[in-house]
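For reference, the structure is listed below as structure tokens.
Each reported figure results from applying straightforward, stated rules to the coordinates on display, with no laboratory input. No experiment lies behind these values; they were computed from the predicted model shown. Neighbour counts are summed over all protein chains in view; Cβ atoms, including those assigned to glycine, are modelled from backbone coordinates with ideal geometry.
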Amino acid sequence: MIRLSLALLFTCAATAAAAAGYDRPWSIVEGADPSTVRQEFRPAITQVDGKSTRSTVESDALEPGKHQVKIRFETGRVNQSPAEAERTLDLELEPCMRYRIAAQRTSGTQWEPKVYTEKIGECARKFGK
């Protein structure tokens, strides 16, 4: 238990240190939290600008500007073609903004991406954005 706590503490400290080390504004793309009411699910973020992501939950910090983000969502009900399971989004990322992407079910196995934005507080405080 102590090892797990120490590992978690070290991970949080490393993440905070890395974020504190940014010398210019950044943006992040991540999967949104699921919502039963809105029929939204967390898609996998598989690529940013044609490069595979290290985590399918969130991207590394990104430079603000235009980016292509590929997401994947499989309903689990039936086999889907790649065209049904994947979407590529062209996003214009603003400085100090977090982009949360949800897969919103429209009907049956059909879904559309829904993008929510919010400020990254630490970045906004540091750079006045």
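Here the gap between E94 and K66, fully extended at 0.36 nm per residue and compared with their Cα-Cα distance, gives a gain of 9.2 nm.
Under a 5 Å amide H cut-off, with hydrogens placed 1.01 Å from N, I120 pairs with M97, R98 among residues at least 5 apart or on other chains. When you restrict to C-alpha pairs under 8 Å that are six or more residues apart and normalise by the size of segment 19-63, the relative contact order lands at 41 percent. Fewest neighbouring Cβ atoms within 10 Å first, the residues F73, F41 line up as F41, F73. For Q47, nonlocal amide neighbours, meaning residues 5 or more places apart or on other chains whose placed amide H falls under 5 Å from its own, are T53, K70. For segment 37-115, averaging the sequence separation of C-alpha pairs within contact (under 8 Å, six or more residues apart) and dividing by the residue count gives a relative contact order of 31 percent. Label-to-label distance for S81 and K51 is 3.2 nm, based on points extended 7 Å past Cα in the beta-carbon direction.
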